[in-house]
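Each remark here refers to the structure printed beneath this line.
The values are calculated or read from the model by the stated rules, or taken from the named source; none is laboratory data. Because the structure is predicted, anything quoted here is derived from the model rather than measured. Every residue, glycine as well, gets a Cβ built from its backbone with ideal geometry; the counts of neighbours run over all protein chains shown. In case anyone asks, the SASA skips ligands and DNA or RNA and just uses the protein heavy atoms, side chains included. Shrake-Rupley method; radii C 1.70, N 1.55, O 1.52, S 1.80 Å.
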Amino acid sequence: MSPSKVSTLDFEKFYNTVNAQLRGSKNIHHGVNPATGQELWDVPIASDQDLNDAVDAAQKAFPAWRDTPFQKRKETLLKFCDLFNEHTEEFTTLLCKESGKPRKFAATEIGGVVGFIQYHTTLEIPEEKFEDDEKTVYTEYTPLGVCGGIIPWNFPLILSVGKIAPALLTGNAIIIKPSPFTPYTGLKIVELMQQIFPPGLVQAVGGNNEIGAAMTTHPGIAKISFTGSIATGKKVMEASASTLKRVTLELGGNDASIILPDVDIKKVAPEVVMGAFQNSGQVCVATKRIYIHESIYKDFLAEMVNFTKTIKVGSPEDGDNLLGPIQNSMQYEKVKGFFADSKAKGYKFAVGEPEISANNKGFFIQPTIIDNPPNDSRIIAEEPFGPIVPTQPWSDLEEVIARANDTLTGLGACVWGGDVEKATKVARRLEAGSVFVNSWEKPTPQAIFGGHKESGIGGEWGKTGLLAFMNAHVIHVYKN
Ligand code: NAD
């Protein structure tokens, strides 16, 4: 298909955006509505030529944007927020279709777009000045150039914006590659951005994993901002080494929640359940292991079970549903593997059934709690990325902290306790990038987000996160 110019937005046609042109492709793929199993609209698979053209256009767009005053860049981003606000309903419907999220949660993700951008426009790029008798040293930061953003399928829109906004704010150009499972909202927001930003500054190349891999070796791309699985993150880092790209890796986790004995059981148990099952467990920082003090284990688990039984699972448009389906068939099969393993090993299902009956075409799974499986079980040791979570009792604080930290991952964690000071002390000892006290995991634009250990390298979002899109540029001025 020949390139065409951006005009009005059609929410049923999807293109790659290269140098402000909408491009089709002779190679097409499509997403699947996970609530119905139906194929969604065609999506063009970007070619190597599309990527090369996008990099060329980004390199051309970069210098003028780098030299645009910071304040003006902020104003341009805010202007985009106004434009986006005119389309929130269409984006919400699109997100429901591609992800299966209940409409109210899809609306929260859509609302987060403007919230995220607006907060970032309140930030300043840090700078330092050191002076002694001999010299003045200015520590400043300059943009990297052309950045690539590679996106997973669980929060396709907010995770795209979480890369685009800081990259543009700090003066870079950026090319986004959405997940092949959820390409629609990412491609559409980049298309919409063409009405505000100069050609080549923000572009999208959709397609399969290969186009992501091509980005990681492309000599014209200075940085890869990657969010996805640990296994792919390692490949991204390895491939990026060939051109010494900067990389930020936001990867998977196996978050522990520690429940101290002095919690208000009725209040906290449903919250802990929400931490585990939010977005059907398809959250990098979902609670994936729950450690409950032995003195309250039975009662706390009973409250968790009671609340879990009230959770409705179903299609996005049914307003009462708290959870939607698993986003794709591959992940559905993976999560079913945790059920099969738990059943085969004879673990106790406190709530939920070992057999997942396919009662319609969607990828639905009832939220499930496994009561006290052993430490070396799959459900404790691995990230299911679905609505199944284990609980275990603990009696010794030192021991449970060690158990929580006994993992190669370190993305998030939670501590729940009546004595906030004591809970916060425990939080400081957990080896994770973001630890939440008396809340389930709620990453926020106000703070850098990143993982320890194999959960990632570096981090983005918030003031410190801006530096991930910049080079330190230190000017040493010696006195005459
Ligand atoms: P994934 O690693 O399979 O895919 C992520 C993206 O990488 C997709 O766009 C994919 O097409 C692309 N890709 C695949 N192979 C590539 C390669 N060789 N080179 C470059 N790009 C390649 O992950 P997923 O299944 O989409 O997402 C789920 C995972 O993401 C979970 O492990 C979850 O914990 C993690 N995640 C982490 C965060 C975070 O911020 N830390 C946020 C959301 C999800």
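Can you pull out every residue in region 419-453 that is within 13 Å of the ligand (Cβ to nearest atom) and within 18 Å of E398 (Cβ to Cβ)?
The one that is within 13 Å of the ligand (Cβ to nearest atom) and within 18 Å of E398 (Cβ to Cβ): A432.
So how many residues does region 225-237 have that are touching a residue at least 40 places away in the same chain (Cβ under 8 Å), within 8 Å of the ligand (Cβ to nearest atom) and either not assigned by TED's automatic domain parsing to the domain that holds D50 or not in a loop (DSSP other than H, G, I, E, B) (or both)?
5
Mind checking whether some residue in region 156-168 is open to solvent by 20 Å² or more (accessible area, probe 1.4 Å), touching a residue at least 24 places away in the same chain (Cβ under 8 Å) and within 16 Å of the ligand (Cβ to nearest atom)?
Looking only at region 156-168, we keep the residues that are open to solvent by 20 Å² or more (accessible area, probe 1.4 Å), and these are 158-159.
So of that shortlist, the ones also touching a residue at least 24 places away in the same chain (Cβ under 8 Å) come out as 158-159.
So of that shortlist, the ones also within 16 Å of the ligand (Cβ to nearest atom) come out as 158-159.
Yes: region 156-168 contains one or more residues that are open to solvent by 20 Å² or more (accessible area, probe 1.4 Å), touching a residue at least 24 places away in the same chain (Cβ under 8 Å) and within 16 Å of the ligand (Cβ to nearest atom).
Among the residues of region 302-343, count how many are more than 16 Å from F364 (Cβ to Cβ) and open to solvent by less than 20 Å² (accessible area, probe 1.4 Å).
3
Can you tell me which residue in region 144-155 is most open to solvent (accessible area, probe 1.4 Å), limited to those that are part of a loop (DSSP other than H, G, I, E, B) and away from the ligand (no atom under 12 Å from the Cβ)? Walk me through it before giving the result.
Applying the first criterion (part of a loop (DSSP other than H, G, I, E, B)) to region 144-155 yields 144-145, 151-155.
Narrowing further to those that are away from the ligand (no atom under 12 Å from the Cβ): 144-145.
Numbers: L144: 25, G145: 5 Å².
Checked region 144-155; the qualifying residue most open to solvent (accessible area, probe 1.4 Å) is L144.
Which of the residues spanning region 73-106 are under 30 Å from E124 (Cβ atoms) and of a type in the set (D, E)?
Initial filter on region 73-106 (under 30 Å from E124 (Cβ atoms)): 73-88, 91.
Across region 73-106, the qualifying residues are E75, D82, E86.
Can you tell me how many residues within region 219-260 are among the aliphatic types (A, V, I, L, M), surrounded by 24 or more Cβ atoms within 10 Å (Cβ to Cβ) and over 17 Å from the mean Cα position of the chain (by Cα)?
The number of residues fulfilling the criteria is 4.
What's the number of the only condition in (1) open to solvent by 40 Å² or more (accessible area, probe 1.4 Å); (2) under 26 Å from the mean Cα position of the chain (by Cα) that T8 fails to meet?
(2) is the only condition that T8 fails.
What number of residues within region 305-334 satisfy the criterion of being within 16 Å of the ligand (Cβ to nearest atom), in contact with a helix residue (DSSP H, G or I) (Cβ under 8 Å, 6 or more places away or on another chain) and among the aliphatic types (A, V, I, L, M)?
Within region 305-334, residues that are within 16 Å of the ligand (Cβ to nearest atom), in contact with a helix residue (DSSP H, G or I) (Cβ under 8 Å, 6 or more places away or on another chain) and among the aliphatic types (A, V, I, L, M) number 1.
Suppose we filter region 455-473 for residues that are touching a strand residue (DSSP E or B) at 6+ places or on another chain (Cβ under 9 Å), over 22 Å from V236 (Cβ atoms) and away from the ligand (no atom under 16 Å from the Cβ); how many remain?
Looking only at region 455-473, we keep the residues that are touching a strand residue (DSSP E or B) at 6+ places or on another chain (Cβ under 9 Å), and these are 455-462, 465-473.
Still in the running and over 22 Å from V236 (Cβ atoms): 462, 472-473.
Filter again for away from the ligand (no atom under 16 Å from the Cβ), leaving 472-473.
Number of matching residues: 2.
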